[in-house]
Structures are given as C-alpha cells and as structure tokens.
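Chemist: The following block contains the structure, expressed as structure tokens.
Nothing in this text is a laboratory measurement; each read-out follows from the coordinates by a stated rule. Treat the numbers as computed from the prediction; the structure is a model and nothing was measured. Glycine gets a Cβ as well: all are built from the backbone with ideal geometry, and neighbour counts include every protein chain shown.
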Amino acid sequence: MQNRYFKGLHTIFFGLMVNLHDPVSITELSSSAQECWCSLRFQFPTIASSIGGSDQLPTVTYTTGTLQEIHQWAERTLLVHSPSHIDLDQLRVDESQRNVPSSDGDYSWMHLVPGELADDGAVSKFGLLFHTHHSLFDGSAVKIIMNFYLDQLAKSLSDSRSTSKSIQWGNELENLPPAVFNILNSHEVLPIPPDSTQEPSYDHEYYKCIGK
C-alpha cells in the first residue's frame, strides 16, 4: 500500500471482448453501461472506496453519497471511448501510466471501448477494461466483479429494464466485506490489531503465509 502513488505499481487490469447478437446504438450501450456501473457499486461498494490513514496504518474507507454524487462518480470512473479499432492491450499500457489514486481520489475505473460503428450507427462489438488497485481487490475478486457486471449489462441490453430503480443508496453499506477480525474463528491465527504497538513481521504466524 505504501507505493500506491507510483504510476502503474500494484494495479490490476482485467479486459474482455463482447460480441452482441443484436447490435445496439452507442447511446443505449453507454447509458446501460453507466447504469450497470452504478448497480455494481451498490453490490460491491469497494470499487468506490479509498485508502487513507498512514503508510504504517492504512485504512480502507467507503462513503455513501447522494444520487447526484453517485452519478458524478460514475461520470468520472465509467469511461466511454470513441468507437474505433479495439486494442485493449494498448489501452492497458496507456492506463498503467495513470497515478492511482486519481486527483479525485478514485481507485477503480471501467473502460468501455466500442468497436467501429455499422452504417446505421449500431455497435456489435465492444471491449471492457477494468482497472483498479491491488489493495482493494485480488485477481479472484476482479473476476467475480466482471462476471456480475456482464450479467447486469446483458440483462439491461436485452430487455431495457432499469437495474437501478430499486436501489436505495445508503443500504449498500450492508454489502461491504467484513473485517478479517470478524470472520476468523477463535482458534485461527489473527493479524496484529491496528491499535497494537507490535510491529508486523514474517515471524508472526499470520504473515508467514503472505511472505511465501
């Protein structure tokens, strides 16, 4: 975590290509992608979390917001690129130069990259690139998140139903992951408590597995 301000260091990317059986307009695709991005935040609030505290005692913080603040966050972090030839690998290289967090304090972004438009302006192929910080997610979590996002996006594009009408912001706090101290059994080795004066080291049983 102490190197989180270094460009490209400790960041994770996950990209994929989507081919649509029924092409959609760029407007519909962009609108659905943003709506599902907001829905994803409700289910996985960590994508809108930030890292604070100090290098010695970093903390992950999530703050809920008003509907307007949620939309402002989505405008910043759901990035719709101009329709063109899709090159997610080059996009990954370019985005790896970004400072994380951004000047707005964001740690996670979703890139929507539409392919070239048909003569009628429809999109039949697009790419998605999820970019986040490793302090918030590991590889398995990123796969889970992308699967959920794709499922929501497919539903939104297939029946045009809103995925966010039933969302009550503030209730997403219930979806925050529990702290390790709250889920380990009493006989399992616990990490050093944040308020302890003991220094973490690989001699400690809990941290031995991390250093392997």
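Chemist: Cα-based count: Lys pairs in the chain below 22 Å, eight or more positions apart or different chains?
Modeler: 4
Chemist: Now for a different question. So what's the net charge close to Arg76: Lys and Arg +1, Asp and Glu -1, counting the other residues with Cβ under 9 Å from its Cβ?
Modeler: It works out to a net charge of -3.
Chemist: What is the antiparallel percent of DSSP beta bridges lying wholly in the chain, to the nearest 5?
Modeler: So the antiparallel bridges in the chain amount to around 90 percent.
Chemist: Just want the answer: with Cβ charges of +1 for Lys and Arg and -1 for Asp and Glu, which residue in Ser108, Pro58, Val80 is farthest toward the dipole's positive end in the chain?
Modeler: Farthest towards the positive end: Pro58.
Chemist: Along the charge dipole of the chain, Cβ charges K/R +1 and D/E -1, which of Thr11, Pro193, Leu157 sits furthest on the positive end?
Modeler: Result: Pro193.
Chemist: What ranking of Ser108, Ser96, Ser50 emerges when the number of other C-beta atoms within 10 Å of each C-beta is taken as an exposure proxy, fewest first?
Modeler: In order of increasing Cβ crowding within 10 Å: Ser96, Ser50, Ser108.
Chemist: Which residues in the stretch 32-59 place their backbone N less than 16 Å from a point set 7 Å from the Cα of Glu75 along the Cα-to-Cβ direction?
Modeler: Answer for this model: 34-35, 38.
Chemist: Treating only the Cβ atoms of Lys and Arg (+1) and Asp and Glu (-1) as charged, compute the dipole magnitude of the chain about its Cα centre; round to the nearest 20 debye.
Modeler: 160
Chemist: Run the simple label-point estimate for Thr197 and Ser140 please: 7 Å along Cα→C-beta, distance reported in nm.
Modeler: 3.7
Chemist: Would you work out which of Gln34, Val93, Thr46 lies farthest towards the positive end of the dipole of the stretch 11-177? Charges go on Cβ: Lys and Arg +1, Asp and Glu -1.
Modeler: Towards the positive end, the residue furthest out is Thr46.
Chemist: If the elastic network links every pair of Cα atoms under 10 Å, which of Val189, Val123, Val80 fluctuates the most in the Gaussian network model of the chain?
Modeler: Ranking Val189, Val123, Val80 by mean-square fluctuation puts Val189 first.
Chemist: When you take every Cα atom in the stretch 68-169, what is the radius of gyration, and what is Dmax, the widest Cα pair distance, in Å?
Modeler: Every Cα atom of the stretch 68-169 included, Rg and Dmax give 15.0, 44 Å.
Chemist: Kindly provide the helix-only [θ] at 222 nm of the chain, computed as the sum of -39,500 (n - 2.57) over DSSP H runs of four or more divided by all residues, to the nearest 500 deg cm²/dmol?
Modeler: Here the helix-only value at 222 nm equals -10000 deg cm²/dmol.
Chemist: Quick check on the stretch 1-122: of the DSSP beta bridges with both residues there, what percent are antiparallel, nearest 5%?
Modeler: 60
Chemist: So what does the Cα-only Debye profile of the chain read at q = 0.08, 0.10, 0.13 Å⁻¹, as log10 I(q)/I(0), no solvent term?
Modeler: Reported log10 I(q)/I(0), two decimals: -0.33, -0.51, -0.81.
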